[in-house]
1. Restricting to the stretch 137-161, name every residue that is of a type outside the set (Ser, Thr, Tyr), modelled with pLDDT of 95 or more and not in a helix (DSSP H, G or I).
2. Taking THR136 as the residue in question, decide whether it is among the polar types (S, T, N, Q), touching a helix residue (DSSP H, G or I) at 6+ places or on another chain (Cβ under 6 Å) and not assigned by TED's automatic domain parsing to the domain that holds ALA44.
3. Consider LEU34 carefully, then state whether it is touching a residue at least 40 places away in the same chain (Cβ under 8 Å), crowded, with 18+ Cβ neighbours inside 10 Å and outside the structural domain of VAL116 (by TED's automatic domain parsing).
4. Test of understanding: among LEU65, LEU94, which residue is surrounded by 18 or more Cβ atoms within 10 Å (Cβ to Cβ), not in a loop (DSSP other than H, G, I, E, B) and not assigned by TED's automatic domain parsing to the domain that holds LEU196?
5. Of the residues THR64, THR71, THR89, THR117, which is touching a residue at least 24 places away in the same chain (Cβ under 8 Å), closer than 23 Å to THR170 by Cβ and more than 10 Å from the chain's Cα centre (by Cα)?
6. Give the residue that is surrounded by the most Cβ atoms within 10 Å (Cβ to Cβ), with candidates limited to residues of the stretch 100-116 that are under 14 Å from ALA88 (Cβ atoms) and among the aliphatic types (A, V, I, L, M).
7. Yes or no: the stretch 163-177 includes at least one residue that is in a loop (DSSP other than H, G, I, E, B) and in contact with an Asp or Glu (Cβ under 8 Å, 6 or more places away or on another chain).
Amino acid sequence: MDSPEATPTGVHADPAPAADRPVRADARRNREKLVTVARAAFAAADDTVPLEGIARRAGVGIGTLYRHFPTREALVEAVYAAELDDVATSAPALLADHPPEIALRAWLDRYAAFVVTKRGMLDTLRAGWASGRIATPTTRERITAAIATILERGALAGTLRADVDPDDVTTMLLGVFLATGAGDPSQQTGRLLDLLIDALRPLRETGAGAD
């Protein structure tokens, strides 16, 4: 039985490990595998994702899943945190490999993938946030900080505008993803993100009186 409130009958979650007791390597691998599989499952889902299916695809029993994540909300919170960490901390690596304007466009694609995964968990997240069972994350602040990092580098390079408030970019992104729901063609999202990049390029001064 898959319940958001309690473990299934006959399955008992282990008590939380003591703070000074190291997590066994195999237990850590199982937890990471479960989160990885769940991330992919939530990203691809059109409906509720059965926890039994996640356990099966991760190659573990349902009891192992519930030992790590006693409720659906616990698993969703772990997946959301992992996704947010990835997207929020990816800016420096992208800037190390690409010019700022290219790094920003690549980062927008990563953020888009985060939004897709979040949509597969949204009902559980909203219920958990409302009840206090899932901690409210500082998502907007972390996303805006990542954008600010790339904009600052682009301004120094002269390839991105220096007069843009990073929070305004976050607001524009939210508008894009609210307007392009799960059923909309992905090509539209890409076109809108391209337009956003164009809006962030430095304004070109037009010459006057040219013969």
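The values are calculated or read from the model by the stated rules, or taken from the named source; none is laboratory data. The structure displayed is predicted, hence computed values, not measured ones. Virtual Cβ from ideal backbone geometry, glycine too; neighbours counted across all protein chains shown.
1. GLY158, LEU160, ARG161
2. Working: among the polar types (S, T, N, Q): yes; touching a helix residue (DSSP H, G or I) at 6+ places or on another chain (Cβ under 6 Å): yes; not assigned by TED's automatic domain parsing to the domain that holds ALA44: yes.
For THR136, the condition - among the polar types (S, T, N, Q), touching a helix residue (DSSP H, G or I) at 6+ places or on another chain (Cβ under 6 Å) and not assigned by TED's automatic domain parsing to the domain that holds ALA44 - is met.
3. On the way: touching a residue at least 40 places away in the same chain (Cβ under 8 Å): yes; crowded, with 18+ Cβ neighbours inside 10 Å: yes; outside the structural domain of VAL116 (by TED's automatic domain parsing): yes.
Criteria met by LEU34.
4. Answer to the selection: LEU65.
5. Within the list THR64, THR71, THR89, THR117, the selection yields THR89.
6. By that ranking, first place goes to LEU108.
7. Step one: of the stretch 163-177, the residues in a loop (DSSP other than H, G, I, E, B) are 163-165.
Add one more test, that the residue is in contact with an Asp or Glu (Cβ under 8 Å, 6 or more places away or on another chain), and what stays is none.
No.
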